[in-house]
Amino acid sequence: MAMRWWMIPAAIGQLSVVVAVYFSLLNAFPWLRWGWWHLLGNGGNVNLGQTGQTGLIWRLVAIALPILVAVIVPWLAHAEEVMFRARAERQGVRRRLRRQVAFGLVHFWSGIPIAACLALTVSGLYFLTVYLRAIRRLGPELQAAEEIPRYERLPYPALPANVGDDPDAWAAHRTERGRVRAENERRRNEWSDNLQGHISASRDRVDEVMCRAVATSAAAHAVNNWLLISLLLVVFLVR
């Protein structure tokens, strides 16, 4: 994965903002603490094995499950980046914002409160920023990948100065024009026949460049999740 050192302090910073937004939403709208996992008498995140149950087995589950989730975090992060950030550079601001809100709300299935889902929009915007910065950095490569070979036409020969006085010069000129016309037609037909292949190859090159940008945001996403899981484990072990 395309991990960078700055992703750790960036993750700490944006998680701090997420927590602040979460508690602000709860203070303003207490009903946003609702979540289906909470209704069952549990707390936290069902995916991380956080429950309201006691006993050795549940304690082991609460430790083992986060570790298992941490192992598959890179794949989960990449899948979410493809779903919510890929090709965002081709979308308007409203569409981008809707996707980040959807990114937060999709976590409702894991049992976290609605306020936490809405607060995760901040994380989505952070990952979006990482992705768009990667796209801008790869801009020259992306532009080159989008280029398709053009049809290059041979120039027609200029009229010879003595065309009116020399029949042979006129005949040679017409012959050369015919040759150039035939060559241009051949080139045009060849270009047309190969156009679909060039378009497909260009799309493949663009996808390859975009995959690198997605890999960068997925790395930031994974670092963020690993940090969060580590904090939850520490809190669970020391309480």
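The values are calculated or read from the model by the stated rules, or taken from the named source; none is laboratory data. No experiment lies behind these values; they were computed from the predicted model shown. Reconstructed Cβ throughout: ideal geometry from the backbone, glycine too, with neighbour counts over all protein chains shown.
Within segment 48-60, the only residue that satisfies the criterion of being under 21 Å from Pro113 (Cα atoms) and either at pLDDT 80 or above or assigned to a helix (DSSP H, G or I) (or both) is Leu48. Selection of segment 148-187 for residues being outside any helix (DSSP H, G or I), of a type outside the set (A, V, I, L, M, F, W, C) and surrounded by 11 or more Cβ atoms within 10 Å (Cβ to Cβ) yields Pro149, Tyr151, Arg153, Tyr156, Pro157, Pro160, Asp166. Selection of segment 1-22 for residues being in a helix (DSSP H, G or I) and touching a residue at least 24 places away in the same chain (Cβ under 8 Å) yields Met7, Ile8, Ala10, Ala11, Ile12, Gln14, Leu15, Val17, Val18, Val19, Val21, Tyr22.
Applying the set (1) farther than 22 Å from Leu228 by Cβ; (2) more than 14 Å from the chain's Cα centre (by Cα); (3) surrounded by fewer than 18 Cβ atoms within 10 Å (Cβ to Cβ) to Ala145 leaves exactly one unmet item: (3).
Those residues that are among the aliphatic types (A, V, I, L, M) and surrounded by 16 or more Cβ atoms within 10 Å (Cβ to Cβ), I need them from segment 188-226; list them, please.
Start the filter on segment 188-226 by keeping residues that are among the aliphatic types (A, V, I, L, M), which leaves 195, 199, 201, 206, 209-210, 213-215, 218-220, 222-223.
The answer is Val206, Val209, Met210, Ala213, Val214, Ala215, Ala218, Ala219, Ala220, Ala222, Val223.
Exactly one of these conditions fails for Pro157: (1) over 30 Å from Arg94 (Cα atoms); (2) at pLDDT below 85; (3) in contact with a helix residue (DSSP H, G or I) (Cβ under 7 Å, 6 or more places away or on another chain). Give me its number. Every condition holds for Pro157 apart from (2).
Is there a residue being within 30 Å of Val71 (Cα to Cα) and touching a Leu at 6+ places or on another chain (Cβ under 6 Å) anywhere in segment 201-211? Yes, segment 201-211 has at least one match. Consider Ile135 carefully, then state whether it is under 41 Å from the mean Cα position of the chain (by Cα), under 30 Å from Phe23 (Cβ atoms) and of a type in the set (A, V, I, L, M). No, not satisfied. Every condition in (1) in a loop (DSSP other than H, G, I, E, B); (2) buried (at least 16 other Cβ atoms within 10 Å of the Cβ); (3) at pLDDT below 85 is met by Ala86 except one, and the failing one is (3).
For Thr129, indicate whether it is within 19 Å of Ser217 (Cβ to Cβ), free of Cβ contacts under 8 Å to residues at least 12 places away in the same chain and in a helix (DSSP H, G or I). Explain how you work it out, then say what you get.
Working: within 19 Å of Ser217 (Cβ to Cβ): yes; free of Cβ contacts under 8 Å to residues at least 12 places away in the same chain: yes; in a helix (DSSP H, G or I): yes.
Spelling it out, Thr129 is indeed within 19 Å of Ser217 (Cβ to Cβ), free of Cβ contacts under 8 Å to residues at least 12 places away in the same chain and in a helix (DSSP H, G or I).
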